[in-house]
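The values are calculated or read from the model by the stated rules, or taken from the named source; none is laboratory data. Please read these numbers as outputs of a predicted model, since none were measured by experiment. Methodologically, a virtual Cβ is constructed for each residue, glycine included, from the backbone with ideal geometry; neighbour enumeration extends over all protein chains shown. Keep in mind that these areas ignore ligands, DNA and RNA; they rest on the heavy atoms of the full protein, side chains included. Shrake-Rupley method; radii C 1.70, N 1.55, O 1.52, S 1.80 Å.
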2 protein chains.
Amino acid sequence: MSEVIQKATLARNAAPQLAALSTGRKNEALHRMADALLQHAPSLIDANAADLARGRETGLSVSLLDRLALNEKRIEAMAEGLRLIAGLPDPVGESLQSFSRPNGLRIEKVRVPLGVIGIIYEARPNVTVDAAGLCFKTGNAVVLRGGSAALESNKRIAAILHEALQALGLPADVVQVIESTDRASADEMLKLNGYIDVLIPRGGASLIQNVVKNATVPVIETGAGICHTYIDDSANPEMAQNIALNAKVQRPSVCNAMETLLVHEAYAERELARLAAAFRAANVELRGCSRTLALVPDMKPAADSDWDTEYNDYILNVRVVAGLDEALAHISAHGTKHSECIVTENDEHAVRFLNEVDAAAVYHNASTRFTDGFEFGFGAEIGISTQKLHARGPMGLPELTSYKYKIAGSGQIRS
Amino acid sequence: MSEVIQKATLARNAAPQLAALSTGRKNEALHRMADALLQHAPSLIDANAADLARGRETGLSVSLLDRLALNEKRIEAMAEGLRLIAGLPDPVGESLQSFSRPNGLRIEKVRVPLGVIGIIYEARPNVTVDAAGLCFKTGNAVVLRGGSAALESNKRIAAILHEALQALGLPADVVQVIESTDRASADEMLKLNGYIDVLIPRGGASLIQNVVKNATVPVIETGAGICHTYIDDSANPEMAQNIALNAKVQRPSVCNAMETLLVHEAYAERELARLAAAFRAANVELRGCSRTLALVPDMKPAADSDWDTEYNDYILNVRVVAGLDEALAHISAHGTKHSECIVTENDEHAVRFLNEVDAAAVYHNASTRFTDGFEFGFGAEIGISTQKLHARGPMGLPELTSYKYKIAGSGQIRS
């Protein structure tokens, strides 16, 4: 039996015990896990040092090494994350609907855990703690398959979390870390119907696409964000510049950052040169369409593929459009249904944009950077869903649950 | 370009127009479609006669021919189904949540259509009308890929619905019937990410499993029902017999009918002989475990595979169990997460059963036959979901929608 099947079986078998735990007991466990992370911080930093050493040998980039690195402060943040999850309302057991039928049947729709969640992700070890905490709070067992770069850190985190659970007499099997980090172990998880109820990939576009294209287990697609900001003719120039700059440079590496700026042709005539200068002052490389280049000549032309590229970097495509319709068509052709923004003082245009753009979050006069569980007030999230089935946008605790119907009768039969 | 891609593209392009239609306009169209079906009933019956003739030639069973056959009464029922859908509340545009953030952002969570729904199904032509109506009301374009047996009927239905839509100046492209009924056309739909947002298979277990195992488009798994009734020691014998008989014989061919009866050992000692006689009187073939055979000898022994078989017929497995725990373990091992029932006067056992059984609908003292959109009071349904992602149990109109977040700002940027 492979490691993946063995551990998925352990998770599956332990899941019902976890599903039945009270909120108080789950919160107690989350705090205990947080305590254990702090207590074992030195050994976790040691394990992480081994990952970092191997990473340097294998030539990981400075930015990847930075994302991989753990120190006391980062471990404190991981522990604090678990305590925040403990503080959130428990969705499990919530009564979503309750009614009686004319024949006397009483029907209640109640939130229940999904069961076993599989997470396939890349380097950052904080995802291990985060995902384990979110799944635990929602009564779901979790099978975590991280990348090879963080293997020693992830193994150590699993051991720490298991110790915390065992100390409370709780089933440690509900958190499983897969240690085989070859492609085969991920591929095996994709087909584990009957063991894993839902897969959530977290990472770059190629990781996510591999899961979406090959999984037979239901998947929640997250994270790919080719987000646009459209500046309409009537936009307030100061507001437009603030929103566009914020969407690009406040944190370019994340999925809700802007990749392409669309500008109304009349607005472009008046403002594009100034706008381009502001982006350059913020170290953003610009790539323009032919009309953009005509207005701001010293710029690289955008290649066809650039419009479909998620840079996650200080690079921005700029396109001049004839108006709202062309902006909507561009977003429909190149967007990833994540977050899209219009800056306009024209309410009719704003309403059309909010109605017609097919994306998880559609903004009028605000930065796309707000698509985030904390910014929406939902608290911690497992990712931003870009699909339309099950959940869309920030996926917090309720989005990690399903429901069932409980029906109480007194002998009713169907005639 | 293949027929499937061509028609899916037409559906995709027409979907935004449909999504923007008012409720009144959609209801008007549904009534117009119903009128058109009645008006064109003779030509539809002719087309159906061609299907029936081919079915007889190719040796379709009498029961399949019956399911395929259309007559005036059945066409009236199809039209009436569309009118019922017109009468249901429109979920699209419903505000699910609305709140402001401390920074002044106003966030509204609004129901929207899923986009393009693909339905892969078998013989019955009423599914074509039904699915088209449900998808239309929820603002979704639909790509319908029925079986070869009903091809002429389905083509004629599509033509009738298109005529009705065109007469109102509405985009007929939102209803597409695929005419290639070979395996390749179904397989092509399974991989049509970017064109089709969700696939819903309707039909037998092998059709559904093919879709689940091979689709890369998100799937809602429906219909497979290996449902159990567990009669506990304390059950009221008259109620238990009524519920068990109803669950099996009121309509054996459907997914919420019972396939296996589990009986507490003490109850079996007292009542199993009488219960078996009642099932036999209703023409049900019984297949028992060894303990069942010891109590009611003249019975075929159940083979291992019988416990995992959805008969949809007058056949019932019977197993004597030591008590609730063994019943729960059996259901966990052999159930399909559809509908499960306990008959008991012991409230503690009822609560445990309702909490611990992982299924869409869990019953105490009522027949599993009630798992149905109409019986729940939801109205028409597209199927019974047996998965946990997105929707579980009867899938009515709201379950054919997604949502998006509309965010109204006044220049907010993230710091």
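Distances between copies at A:SER61, taken between label points 7 Å from Cα along the C-beta direction, are 6.0 nm in increasing order. Springs join every pair of Cα atoms under 10 Å in this Gaussian network model of chain B, and among B:GLY115, B:GLY139, B:GLY24 the largest mean-square fluctuation is at B:GLY24. On the protein heavy atoms, probe 1.4 angstrom, tell me the percent of accessible surface of segment A:227-370 carried by carbon and sulfur. Carbon and sulfur together cover 47 percent of it. With the label put 7 angstrom out from Cα along the Cα-to-Cβ vector, A:ASN193 ends up 1.7 nm from the copy partners, going from closest to farthest. Ordered from highest to lowest accessible area with the whole protein assembly present and a 1.4 Å probe, A:THR336, B:THR138, A:THR23 read as A:THR23, A:THR336, B:THR138. In chain A, the longest principal axis of the Cα atoms and the axis of helix A:205-214 are about 60 degrees apart. Using a 7 Å projection from Cα along Cα-to-Cβ, the label point at A:ASN312 is separated from the same position in the remaining copies by 4.6 nm, smallest value first.
Residue and whole-Å distance for the chain A Cβ lying nearest the axis of the A-onto-B rotation are A:HIS390, 2. Among A:LYS155, A:LYS109, A:LYS26, the sequence by solvent-accessible area, most first, with a 1.4 Å probe is A:LYS155, A:LYS109, A:LYS26. Normalised by 2.2 N^0.38 Å, where N counts its residues, the alpha-carbon radius of gyration of the protein assembly as shown equals 1.01. Think of chain A as having a plus end and a minus end, set by charges on the Cβ of Lys, Arg, Asp and Glu; of A:ALA360, A:MET189, A:HIS162, A:HIS162 sits farthest toward the positive end of this dipole.
Here segment B:99-128 and segment B:214-230 have alpha carbon centers that stand 21 Å from each other. Each Cα pair under 8 Å and six or more residues apart adds its separation to the average, and for segment B:227-370 the resulting relative contact order is 34 percent.
Measuring between their Cα centroids, segment B:344-415 and segment B:133-184 lie 28 Å from each other. Going from the chain on its own to the full set of protein chains, segment A:361-387 has these residues losing 50 Å² or more of accessible surface (heavy atoms, 1.4 Å probe, no ligands, DNA or RNA): A:PHE370, A:GLU375, A:PHE376, A:PHE378. Choose one answer from B:VAL351, B:VAL284, B:VAL254: the residue with the largest mean-square fluctuation in a GNM of chain B with alpha-carbon springs under 10 Å. Its mean-square fluctuation being the largest, the pick is B:VAL351. In the context of the full protein assembly, A:HIS364 retains an accessible surface of approximately 20 Å², using a probe radius of 1.4 Å and ignoring ligands and nucleic acids. Within the shell defined by Cβ-Cβ distances under 9 Å, the residues around A:ALA141 carry a net charge of 0, with Lys and Arg each +1 and Asp and Glu each -1.
Solvent-accessible area lost on pairing A with B (1.4 Å probe, both sides summed) amounts to about 5600 Å². In the protein assembly as shown, the calculated helix contribution to ellipticity at 222 nm averages -13500 deg cm²/dmol per residue, counting -39,500 (n - 2.57) for every DSSP H run with n ≥ 4.
Taking a sphere under 14 Å around the Cβ of A:GLU285 and counting the other residues whose Cβ falls inside, with K and R at +1 and D and E at -1, yields a net charge of 0. If both residues of a DSSP beta bridge must be in chain A, then about 30% of such bridges are antiparallel.
Counting only protein heavy atoms and a 1.4 Å probe, the protein assembly as shown has 37 square angstrom of accessible area per residue. Helix B:23-39 versus the longest principal axis of chain B: what angle, 0 to 90°, nearest 10, using Cα atoms? Approximately 70 degrees, to the nearest ten.
Protein-only accessible surface at a 1.4 angstrom probe places the residues A:GLU399, B:GLU310, A:GLU259 in the order B:GLU310, A:GLU399, A:GLU259, largest first. The residues of segment A:242-260 listed by number as losing at least 30 Å² of accessible area in the complex, against the isolated chain and with a 1.4 Å probe, are A:ASN246, A:GLN250.
When chain B is treated as a Gaussian network with alpha carbon springs shorter than 10 Å, the biggest mean-square fluctuation among B:GLY169, B:GLY393, B:GLY203 belongs to B:GLY169. Among the residues of segment B:178-223, those with an accessible-area drop of 10 Å² or more from chain alone to full protein complex, heavy atoms and 1.4 Å probe, are B:ASN193, B:ASP197, B:VAL198, B:VAL212, B:LYS213, B:ALA215, B:THR216, B:PRO218. Qualifying GluC sites (Glu not before Pro) in segment B:26-130, where qualification requires a DSSP coil assignment and no more than 14 other C-beta atoms within 10 Å, comprise B:GLU94. For A:ARG25 and A:ARG106, a Förster radius of 30 Å and the Cβ-Cβ distance give a FRET efficiency of 0.60, rounded to the nearest 0.05.
What separates the Cα centres of segment B:40-68 and segment A:55-70 is a distance of 67 Å.
For segment B:285-415, the relative contact order is 15 percent, taking Cα pairs closer than 8 Å that sit 6 or more residues apart in sequence and dividing their mean separation by the residue count. Counting only alpha carbon atoms, the long axis of helix B:324-334 and the longest principal axis of chain B meet at about 50°. Averaging the sequence gap over all C-alpha pairs within less than 8 Å and six or more residues apart, then dividing by the number of residues, gives chain A a relative contact order of 18 percent.
Here B:SER234 sits with roughly 50 square angstrom of accessible surface, probe radius 1.4 Å.
Would you tally the net charge around B:ARG392, using a Cβ to Cβ cut-off of less than 15 Å, leaving B:ARG392 out, and scoring K and R as +1, D and E as -1? For residues surrounding B:ARG392, the net value is -4. Distance distribution P(r), segment B:262-389, all Cα-Cα pairs, bin width 5 angstrom from 0: 2, 10, 17, 21, 21, 16, 8, 3, 1, 0 percent.
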